[in-house]
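Below is one structure; the comments refer to it alone.
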Amino acid sequence: MTDTSLRYIGALTILFWGFQTELWWFAAPMVLIFEARFYLNRRWALTKQDFYRVADLTSIGLVGMVAFLFLNRQEYHFITTLLAWMPILVFPLMTVLAYSTTPRMPLDVLFYSLRRQQEPVQQSWDMDYVFLGACLLAAGLNRDGSYYYPIAAMIIFFLLFNLRSSRFPKPAVLLSMCLIFLSATALHTGIRTAHLGLKKQTELWIANWISQRTDPFKTRTAIGKVGRLKLSDAIAFRIKPESGRPDFPSTLMEAAYNTSSGVGWEVFDTRFSNVEQVDDFNWQFGNEEVRSNPISLYPQSKIYLEFDKERSLIPVPMEVVEIDELAAIDIATTLYGSIQGINLIPAPHYKVRYDDNIHLGSQAGPMDLEIPEEHRQTLSSIIEGSMSEQEALAFVQSFFADFRYTLFQDNQALAREPLKHFLLEGRAGHCEYFASATTLLLRHLGIPARYVVGYSVQEWNEDLQMYIVRQRHSHAWSIAYIGDRWIPVDTTPQQWLSLEEGQAGFLQPVWDFFGNNLFLFQLWWNDQSIEDYERELYTLGFLLVLILVWRIATSEQVILEDKEAESVATWILPGRESPFFMVEKHLEHLGFTRGSGELMTSWLLRIERPELLPLVGTHNRWRFDPHGISLEDKTWLAEQVSDWLGSNRQEDPVK
């Protein structure tokens, strides 16, 4: 297409897109290539196969772009980035069309499914407007600014004005478009105001509803609530010990709680306190004795877990002495040992060092001995009196020795007295039952205890040399304060992991295979740097430029003439207007002015030129039929116009 109406306004659109998306290195050469066609008269006679090749390369580029954004989805927003880069993909198709002798892009070039049709595809698109539309859409995605709408409106205004029908006078078109844009502005402002108001009110309703039913610092044991627990087989994260051996602590803590509400647990003090950084993205824990030792003496593991929120609880072993390479501005901890990352930045992993003692959580206090009144009688029926700490631990372990692990419960019995049913009647449950009951029983025996939730670390993968931690490895256990330090007390039967494994889906090995290989590929991908392939990229780019120059030099070329050709052969070239306009122009020269909005047939009858009426039908089909007209019809109309102009050229103008 060589429509000069796009001159300058197209360049402005591309520059606007480059400014909005900060893609100047692409926008600058694209502007030069876009504008150069208005000053060059050389065009290339490309075949349909040439267009197919460019479209196929564009499709490959789209697939590569999607794959790149998927692999780097933590760094780039997938949808907005893809749309922001879309003009780069559309530009090659627009360019080859602009510098070819083909006026419009057939749809079978853009859609592979249409290439299989036996009948030729007649529909086509003007790629200039597709490309500029992609630029305007992309320009509105990546940067806020009150200037976007007026600039975009101005560009659309000029593009539509150049596409106006000659039937309507310019003042009427200008006035109509101004009214449309003013109405659109008012409507947009009203809709946005209503949207923001509704959004604010909806968020308030949701916040009130949630605050009445949940608490971000509370967890529930599911006693009396859940008849069956079954979590996902999906892999939550992976752990790679530095030693290469399965020597990681058996549990990862996510949160600890000290207050029982009868059927759930919550924290008494919800405050978080910031932990001082030792170095960039490095924090250390433990007492002075622990910190006095060289940190390298403690074993280290890498936890592969990406956080998708700015604030999140960080799973760590309770024996942690150091957190390193955690991409967060700060971390904070509660009195009970829960660690929260603040302003987390997407990163594929973090490292932890640990020893054999629990370092998270404050010393025991009075709240760690509190027991809900409704549970006192049940606990007293199990054992009454006091005993030493070691005797108490031994009693608790022996008491739960003959309990069973199960994912199923009697809902009716649980609804009445869940803890009593679990301890005295059912004697079977999942880890939350055991952890809750153990914590309360320890407190009944005079030992401060807390309820902890997190993950059990048990599944070792020999191929990866890593631990696999799944969603169904979520676990709950108790910690007891004995000898001025916290120790874990887990009374859940050891066979719980094998029972959970038995509930796994039969497709788990398939998902594991693909998931683990994708994980290994992402590890390799994250280790790559473009500098490592700089020579190869320059070599590939140089070869592609050579191929492009060779293709341009060897392709058939056409030189466009500046003057209007009058021969029949010129009139039927692709992209020319219908030759009947030459008749209209000649009649207006003779003084037969066509009225504003007057139909062509009415005008010809008014000026007594009925011999031209048979030509009008073919002329209108040439202009408006989406399927176009045949070459024979174009040739016939061109010959008829040529004959009529030859016989009427000497006619005198109307006085």
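The values are calculated or read from the model by the stated rules, or taken from the named source; none is laboratory data. A quick note: this is a predicted structure, and the numbers were derived from the prediction, not measured. For neighbour counting, all protein chains shown are included, and Cβ atoms are generated from backbone atoms with ideal geometry for every residue, glycine included.
For the range 63-74, taking the residues that are in a helix (DSSP H, G or I) and surrounded by fewer than 15 Cβ atoms within 10 Å (Cβ to Cβ), the one that is modelled with the lowest pLDDT is identified as Phe70.
Counting residues that are out of contact with any Ser or Thr (no Cβ under 8 Å at 6 or more places or on another chain), over 22 Å from Phe168 (Cα atoms) and modelled with pLDDT of 85 or more, which helices (runs of 4 or more DSSP H) fully inside the range 554-644 reach at least 2? Please lay out each step first, then the result.
On the way: elements: 568-571, 580-589, 600-606, 613-624.
By residue number, 613-624.
Which one of the conditions (1) in contact (Cβ under 8 Å) with a residue 12 or more places away in the chain; (2) not in a loop (DSSP other than H, G, I, E, B) does Arg53 fail to meet, given that it meets all the rest? Condition (1) is where Arg53 drops out.
Any chance you could count how many residues in the range 417-452 are of a type in the set (Ser, Thr, Tyr) and not in a helix (DSSP H, G or I)? Working first, answer last.
Looking only at the range 417-452, we keep the residues that are of a type in the set (Ser, Thr, Tyr), and these are 433, 436, 438-439, 451.
Keeping just the survivors that are not in a helix (DSSP H, G or I) gives 451.
Of the residues in that region, 1 qualify.
Here's a check for you: in the range 111-136, which residue that is in a loop (DSSP other than H, G, I, E, B) and at pLDDT 80 or above is surrounded by the most Cβ atoms within 10 Å (Cβ to Cβ)?
Pass one, the range 111-136, residues in a loop (DSSP other than H, G, I, E, B): 111, 117-123, 126.
Checking the rest, the ones that are also at pLDDT 80 or above come to 111, 126.
On the way: Phe111: 12, Asp126: 17.
Within the range 111-136, the match that is surrounded by the most Cβ atoms within 10 Å (Cβ to Cβ) is Asp126.
For the range 321-347, the tally of residues that are surrounded by 17 or more Cβ atoms within 10 Å (Cβ to Cβ) and not small (Gly, Ala, Ser) stands at 13. Every test in (1) in a helix (DSSP H, G or I); (2) more than 30 Å from the chain's Cα centre (by Cα); (3) in contact (Cβ under 8 Å) with a residue 40 or more places away in the chain is passed by Tyr538 save one, and that test is (3).
Going by the conditions given, is Asp56 acidic (Asp, Glu) and within 29 Å of the chain's Cα centre (by Cα)? Don't jump to the end; show me each part of the working.
Values: acidic (Asp, Glu): yes; within 29 Å of the chain's Cα centre (by Cα): yes.
It is true that Asp56 is acidic (Asp, Glu) and within 29 Å of the chain's Cα centre (by Cα).
I need the strands (runs of 3 or more DSSP E) fully contained in the range 245-334, keeping only those with at least 1 residues that are in contact (Cβ under 8 Å) with a residue 60 or more places away in the chain.
251-257, 264-266, 300-304, 328-333
For the range 1-46, the tally of residues that are modelled with pLDDT under 80 and of a type in the set (Val, Ile, Thr) stands at 2. Residues of the range 477-524 that are within 41 Å of the chain's Cα centre (by Cα), of a type in the set (A, V, I, L, M, F, W, C) and not in a helix (DSSP H, G or I): Trp477, Ile479, Ala504, Phe506, Leu507. Beta carbons closer than 7 Å, at least 6 apart along the sequence or on distinct chains, pair a first residue in the range 127-142 that is farther than 11 Å from Met86 by Cβ with a second that is outside any helix (DSSP H, G or I) for Met127/Met105; Asp128/Met1.
Exactly one residue among Phe217, Phe248 is of a type in the set (Phe, Trp, Tyr), within 23 Å of Ser478 (Cβ to Cβ) and at pLDDT 85 or above, and that residue is Phe248. Lys351 passes all but one of (1) touching a helix residue (DSSP H, G or I) at 6+ places or on another chain (Cβ under 9 Å); (2) not in a loop (DSSP other than H, G, I, E, B); which number fails? Single failed check for Lys351: (1).
Conditions (1) modelled with pLDDT of 90 or more; (2) under 30 Å from Tyr76 (Cα atoms), marked per residue:
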residue: Leu344; (1), (2): no, yes
residue: Ala347; (1), (2): no, yes
residue: His359; (1), (2): no, no
residue: Pro366; (1), (2): no, no
residue: Pro372; (1), (2): no, no
residue: Arg376; (1), (2): no, no
residue: Ser386; (1), (2): no, no
residue: Val396; (1), (2): yes, no
residue: Phe399; (1), (2): yes, no
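Just one of the listed residues (Trp17, Trp25, Trp85) is in contact with a Cys (Cβ under 6 Å, 6 or more places away or on another chain), aromatic (Phe, Trp, Tyr) and in a helix (DSSP H, G or I), and it is Trp17. Within the range 421-442, the set of residues being surrounded by fewer than 22 Cβ atoms within 10 Å (Cβ to Cβ) and more than 16 Å from Ser398 (Cα to Cα) comprises Glu425, Gly426.
Look at the range 343-359: where a residue is free of Cβ contacts under 8 Å to residues at least 40 places away in the same chain and a partner is hydrophobic (A, V, I, L, M, F, W, C) and in a loop (DSSP other than H, G, I, E, B), sitting 6+ places away or on another chain with Cβ atoms under 9 Å, you get Leu344/Phe307; Leu344/Ile314; Leu344/Leu326; Leu344/Ala327; Ile345/Phe307; Ile345/Ala327.
When the range 623-632 is examined, which residues are found to be under 45 Å from the mean Cα position of the chain (by Cα) and touching a residue at least 12 places away in the same chain (Cβ under 8 Å)?
Looking only at the range 623-632, we keep the residues that are under 45 Å from the mean Cα position of the chain (by Cα), and these are 623-628.
If the condition is that a residue be under 45 Å from the mean Cα position of the chain (by Cα) and touching a residue at least 12 places away in the same chain (Cβ under 8 Å), then Arg623, Pro626, His627, Gly628 are the ones that fit.
Here is a check on your reading of the model: is Leu305 closer than 21 Å to Thr259 by Cα and surrounded by 14 or more Cβ atoms within 10 Å (Cβ to Cβ)?
Criteria not met by Leu305.
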